[in-house]
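Below is one structure, written out as structure tokens; the observations come after it.
Read-outs throughout are calculated quantities, based only on the coordinates presented, and are distinct from any laboratory measurement. Small disclaimer: the values here were computed from a predicted structure and weren't measured. We place every Cβ from the backbone using ideal geometry, glycine too, and count neighbours over all the protein chains shown.
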Amino acid sequence: MDFRELPPVKDQLKKCVRCGRCRTVCPVFAEIRNETVAPRGHVFMVQALRDDKVQPETPVYDRLSNCLLCETCSINCPSGIEIPELNKAARSFIYQQNPSAIKDVFLDRVWTNPTLMKLGGLFMWTANKTGLQKAARSLGLTKLLPGDLSEAEQIMQDVPRRSARSILPEVNKAKGEMKYRVGYFLGCGTDLFSPSVAEATVKVLTSWGCEVIIPRDMKCCGVPHAANGKLDSARNLAIQNLKVFNRLDVDYIVTDCASCSAAISEKSLHLLLNNQGYDEEIKKFCSKVCDLNKFLLEVLEIKPQGLKPANIKVTYHDPCHLAKAQDIRQQPRDILRMIPGLELVEMKDSDRCCGGSGTFSITHYPLSMKVLEKKMDSIASTGADVIATCCPSCTMQLKHGTNLYHYDAPVKHPVELLAAASTQTRD
Ligand code: SF4
Ligand code: SF4
């Protein structure tokens, strides 16, 4: 699709009134203090690209990629400009003229193939458990890795041995009388890096009367592809997922991952598949999509009766894709507050990006760590025993933060704490 015809480029660029409000809230601008990496600078850059005043070359891509796609700018923009969408459209346009074979193989061949992803996870687990990763680091071999990977490999330290797909069956029967059949949109991050979250999700859903289906032919939600200049790949993945889930006879489609739920929202799918003949498929699919926190509270109407006391102090980090992209802020907190004895302490700026942003911490490690430092300061000042969040990317980033700053607290999804508090009668 022509870059100039993409909805954000065609309809939104002209609305910028140059007020600069987006700049004042941008976590990247706060670190770099350079207009070219500020959201307003991105808007100018996309305009210049559209008008052929700058060429679609790699240095322009690199400038635009200094962005967490956190949406802080767009929710503060008085003109309602979706700056991250503009940015993704521009990156994709530039990438098409400057493709990278390594990126294509990794994102199109490996990341779209659950079996290869599982093998990749197993390789990382083996390297970590056998000390290979540590040895390679002390011998300086990790420095041979491209880009920021030589430093960023430290983020992938606690990769579990088994993915959620290896642990959980395709069909998970409801405990007792079945209320709903639920399709579980199991994201790659949860599958590979946080299988305990998937187990908790299935445990809680089945114990509250849901039959949970995990379709084996489901693919990645496409967030990493869209963020890395590959909008066409993200489109193909979205089309595949629409087909897979629309074929299923389910009442709801639920996900516990903030990024997946934003990617499979009606707004995102319409932007991605604009005028490509999928409106009916999107309508059918999105009428069933629900974030797990909302589903538990608003559909299943779960109650705190019978939950075991936890007696822990928890602080909650709002993932950008849940809080800013979908305004889901209260529900995860309500779930945490349901657990008897659990004290919820708010951190300062709980919705400030942690710097993880999917692959950003890997492609922009030093910048990502600067953003993380502020988040860890906020967390440390709460004195919490546990950090809660709803996104596998935030979870990995915050775990890395606890290692870097020697802050002894596990990072958990609210559903993991809920599952742990569930009594034996519901197990
Ligand atoms: S999405 Fe976030 S990081 Fe990117 S320009 Fe907007 S505020 Fe800055
Ligand atoms: S806040 Fe919106 S209108 Fe103001 S400069 Fe940024 S993009 Fe333009």
Among Asn241, Asn172, Asn311, the residue with the largest mean-square fluctuation in a Gaussian network model of the chain built from Cα contacts under 10 Å is Asn311
Quick one: grab Rg to one decimal and Dmax as a whole number for the chain, Cα atoms only, in Å. 21.1, 66
Give the residue list of GluC sites (Glu not before Pro) in the stretch 303-395 that are DSSP loop and have at most 16 other beta-carbon atoms within 10 angstrom. Glu346
List the lysines whose alpha-carbon lies under 27 Å from that of Lys118, not counting same-chain residues fewer than 8 positions away? Lys103, Lys129, Lys134, Lys143, Lys173, Lys203, Lys219, Lys230, Lys243, Lys399, Lys412
With unit charges on the beta carbon (Lys/Arg positive, Asp/Glu negative), name the residue among Asn403, Ala198, Leu367 whose Cα is farthest towards the positive pole of the charge dipole of the chain. Asn403
Taking 0.36 nm per residue of sequence separation and subtracting the Cα-Cα distance, how much length would be gained by fully extending the chain between Arg329 and Gln154, in nm to one decimal? 60.0 nm
Compute the long axis of helix 83-97 from its Cα atoms, compare it with the longest principal axis of the Cα atoms of the chain, and write down the angle in degrees, 0 to 90, nearest 10. 60 degrees
If you fit an axis through the alpha-carbon atoms of helix 392-404 and take the longest principal axis of the Cα set of the chain, what angle between them do you get, 0 to 90°, nearest 10? 90 degrees
Nearest-20 debye value, the stretch 3-97 charge dipole, Cβ charges on Lys, Arg, Asp, Glu: 280 debye
Gyration tensor verdict on the stretch 313-426 (Cα atoms; rounded if a/c is under 1.5, prolate if a/b is larger than b/c, oblate otherwise): prolate
Calculate how many DSSP beta bridges within the chain are antiparallel, expressed in % of all such bridges and rounded to the nearest 5. 10 percent
Using only Cα atoms, locate the centre of the stretch 339-392 and the centre of the stretch 199-241, then give the distance between them in Å, rounded to an integer. 24 Å
Angle between the chain longest axis and helix 365-380 axis [Cα atoms, degrees, rounded to 10]: 40 degrees
With an 8 Å cut-off on Cα pairs and a minimum separation of 6 or more residues, tell me the relative contact order of the stretch 3-97 in percent. 38 percent
So for the chain, averaging the separation of alpha carbon pairs under 8 Å that are six or more residues apart and normalising by length, what relative contact order in percent results? 15 percent
